[in-house]
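Each remark here refers to the structure printed beneath this line.
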Amino acid sequence: MNRKIVKATNIATMQPGGTAYGLVADGAIGIEDGRIAWVGKADAVPADWRGTTVEDCGNRLVTPALIDCHTHLVFGGNRAKEFEMRLQGATYEEIARAGGGIVSTVTATRALSEDELVEAALPRLDALMAEGVGTIEIKSGYGLTIEDELKMLRAARRLGELRKVRVKTSYLAAHAVPAEYKGRADAYIDEVVLPGLDAAQAEGLVDAVDGFCEGIAFSPAQIARVFERAKALGIPVKLHAEQLSNLGGAALAASYRALSADHLEYLDEADAEAMAKNGTVAVLLPGAFYFLREKQAPPVDALRSAGVPIAIATDCNPGSSPLASLLLTMNMASTLFRLAPEEALAGVTRNAARALGLAEEVGTIEVGKRAELAVWDVGHPAELAYRIGFNALNKVIVG
Ligand code: DI6
Ligand code: FE
């Protein structure tokens with residue numbers, strides 16, 4: 001039995017229903033074999049724990065390690081050229097329809113080997129981890145052939161072996177219709193997306209199935225065909241929905257009891273109700289909203305009043321959110337979407353865990369969960385969302 005006590009002036013447990021941030025002042029956490037055995041006041045350590053090694057974090061804040069629950073971290077190249085085009089007036093949709101956009105990253109990603117994809121993604125992963133990220137979701141979706149999708153997922157798994165981070169993968173072959181299937185989206189689903197899912201699942205590469213439901217991507221009926229296969233294989237689903245228009249993607253995802261529906265700028269109240277009823281988390285992506293200079297913010301009030309858990313994530317990708325900072329994402333969620341700093345922190349801890357099906361494992365400092373902690377040089381947890389471009393991470397404690 002391996003035991004340790006972590007002490008700090010402030011512990012934001014992020015357990016719901018109690019004090020703000022689930023805050024414990026002058027607190028301590030008992031860790032046994034990598035899991036949290038108790039949390040409480042430092043002067044009330046259980047009798048049989050006296051004499052256990054103490055790691056004293058002093059006048060610092062301890063939170064759950066952060067979780068980035070929506071990224072496209074693995075890709076080749078970048079889209080700085082397209083950024084220039086947009087600054088000259090072209091829109092994201094126009095560029096996508098003209099064969100740029102996602103499709104141009106597909107070309108760059110296909111050209112790289114698995115090793116090269118890992119190498120390209122590592123600096124982005126390291127940037128996120130330097131801010132306390134202990135769990136990250138990584139999607140495929142820039143390969144769009146069976147082999148290239150598998151290559152991306154293998155690269156994502158490798159990243160989890162190379163660094164001390166938990167990687168959850170999502171199979172996103174239904175991200176864009178590749179050039180060779182232009183105008184034949186259904187054939188692409190039959191010949192690539194579905195057999196590719198079977199192959200990826202057989203190799204243990206898929207933790208969830210995702211799709212992009214949008215005018216420039218796939219219709220709800222097409223996404224439903226992908227979700228049916230996921231359901232048959234017993235894999236949970238999530239969906240990029242209502243980012244640029246409302247096609248009913250979030251309601252469709254909810255009807256499959258999706259882990260999450262993501263983006264949601266064009267969500268309506270009935271969609272929010274459907275999500276609440278089915279336990280589907282709303283993942284908001286302020287980086288994409290900011291970078292594409294969207295005007296319509298997601299309906300945060302409707303999500304709150306329906307009781308939908310709200311997570312936030314970087315959406316780290318080369319086209320719509322070249323963002324590798326979860327702290328900046330928290331600030332953007334507060335400034336752009338008006339999330340309270342406590343909601344922003346819940347969005348990268350407790351609710352992000354739910355969006356990945358990890359609610360029993362991580363996301364709060366709570367008895368039974370894994371001891372994955374971030375230690376910060378700040379006095380109060382509101383400072384995490386408040387600061388801009390400042391990394392107050394002192395260290396991460398795992399197990
Ligand atoms: N929505 C997004 O914001 C990203 N993918 C998606 O479905 C953008 C991907 C890209 O532009 O490369
Ligand atoms: Fe995305």
Which distance in Å, rounded to a whole number, links the C-alpha centroids of the range 309-337 and the range 199-226? 23 Å
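Which length gain, in nm to one decimal place, applies between Ser305 and Ala221 when the Cα-Cα distance is subtracted from 0.36 nm times their residue separation? Working shown, then result.
Numbers: separation 84, 0.36 × 84 = 30.24 nm, distance 2.90 nm.
So the chain would gain 27.3 nm between Ser305 and Ala221.
Taking the Cβ-Cβ separation of Asp186 and Leu336 as r and a Förster radius of 25 Å, what is the calculated FRET efficiency to the nearest 0.05?
Working: r = 37 Å, r/R0 = 1.46.
Working from the Cβ atoms, E equals 0.10.
So, counting K/R as plus one and D/E as minus one, what does the shell of residues with Cβ under 12 Å around Arg184 add up to?
On the way: positive: Lys182; negative: Glu180, Asp186, Asp190, Glu191.
Neighbour charge sum, excluding Arg184 itself: -3.
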Treat each spin label as a single point 7 Å out from the Cα along the C-beta direction, and report the Ala20 to Glu161 distance in nm. 4.6 nm
For the range 258-306 and the range 377-393, compute the distance between their C-alpha centroids and round to whole Å. 25 Å
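Looking at the chain, what % of its DSSP beta bridges pair antiparallel, to the nearest 5? Could you put the intermediate results ahead of the total?
Details: 26 of 55 bridges.
Taking every DSSP beta bridge within the chain, about 45 percent pair in antiparallel fashion.
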For a quick check, take a GNM of the chain with Cα springs below 10 Å and name the residue from Ala90, Ala232, Ala42 with the largest mean-square fluctuation. Ala232
Please list, in chain and number order, the residues 5+ apart from Arg166 or on another chain whose amide H is under 5 Å from its amide H, with Hs placed from the backbone. Thr135, Ile136
Give me the three principal axis extents of the range 1-58 from the C-alpha atoms, as integers in angstrom, largest value leading. 32, 21, 19
Just name one of Ala202, Gly141, Gly160: the one whose Cα is farthest towards the positive end of the charge dipole of the chain (beta-carbon charges, Lys/Arg +1, Asp/Glu -1). Gly160
Kirkwood radius from Cα pairs of the chain plugged into Stokes-Einstein at 37 °C, 0.692 mPa s, gives D in µm²/s equal to 154 µm²/s
Rounded to one decimal in nm, the spacing of the 7 Å Cα→Cβ label points at Asn391 and Glu119 is 2.3 nm
Taking 10 °C and 1.306 mPa s as the conditions, I'd like the Stokes-Einstein D for the range 199-241 in µm²/s, using the Kirkwood hydrodynamic radius from alpha carbon pairs. 147 µm²/s
Sequence order, the range 209-218: Karplus ³J(HN,Hα) from phi using 6.51 cos²θ - 1.76 cosθ + 1.60, θ = phi - 60°, Hz rounded, Gly and Pro as x, gives 10, 10, x, 10, 9, 6, x, 8, 9, 10
Using the Cα centre of the range 159-283 as the reference point, and only Cβ charges (+1 on K/R, -1 on D/E), how large is the resulting charge dipole? Debye, rounded to the nearest 20. 440 debye
Quick one: putting +1 on the C-beta of Lys and Arg, -1 on the C-beta of Asp and Glu, what dipole do you get for the range 25-127 around its Cα centre, in Debye to the nearest 20? 400 debye
Compute from the Cα atoms of the range 255-399 the Rg and the Dmax, the latter being the longest Cα-Cα distance, and quote both in angstrom. 15.1, 43
Simple spin-label estimate for Gln296/Ala179, 7 Å along Cα→Cβ, in nm, reads 3.2 nm
Any lysines with Cα under 23 Å of the Lys168 Cα? List them, leaving off those in the same chain fewer than 8 positions away. Lys139, Lys151, Lys231, Lys238, Lys369, Lys395
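So what's the net charge close to Asp262: Lys and Arg +1, Asp and Glu -1, counting the other residues with Cβ under 11 Å from its Cβ? Mind dumping the intermediate values first?
Working: positive: Lys139, Lys238; negative: Glu137, Asp210, Glu242, Glu265, Asp315.
Summing Lys and Arg as +1 and Asp and Glu as -1 gives -3.
Given the alpha-carbon gyration tensor of the range 137-283, what are the semi-axes of its equivalent ellipsoid in whole angstrom, ordered largest first, with each equal to the square root of 5 times an eigenvalue? Intermediate results must be reported in sequence, preceding the final value.
Details: eigenvalues 109, 70, 34 Å².
Computed over the range 137-283, the values are 23, 19, 13 Å.
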Calculated from DSSP H runs of 4 or more alone, at -39500 (n - 2.57) each and per residue, what is the 222 nm mean residue ellipticity of the chain, nearest 500? -10000 deg cm²/dmol
How big is the range 1-143 by the Kirkwood estimate over distinct Cα pairs, in Å? 19.0 Å
Largest-first principal axis extents of the Cα set of the range 336-383 (Å): 31, 25, 12
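Fewest first, what order do Lys231, Lys81, Lys168 take by the number of other Cβ atoms within 10 Å? Please list the in-between numbers first.
On the way: Lys231 15, Lys81 12, Lys168 21.
With the fewest neighbours first, Lys231, Lys81, Lys168 line up as Lys81, Lys231, Lys168.
Here, each number is a calculation from the coordinates, and none is a lab measurement. Small disclaimer: the values here were computed from a predicted structure and weren't measured. For neighbour counting, all protein chains shown are included, and Cβ atoms are generated from backbone atoms with ideal geometry for every residue, glycine included.
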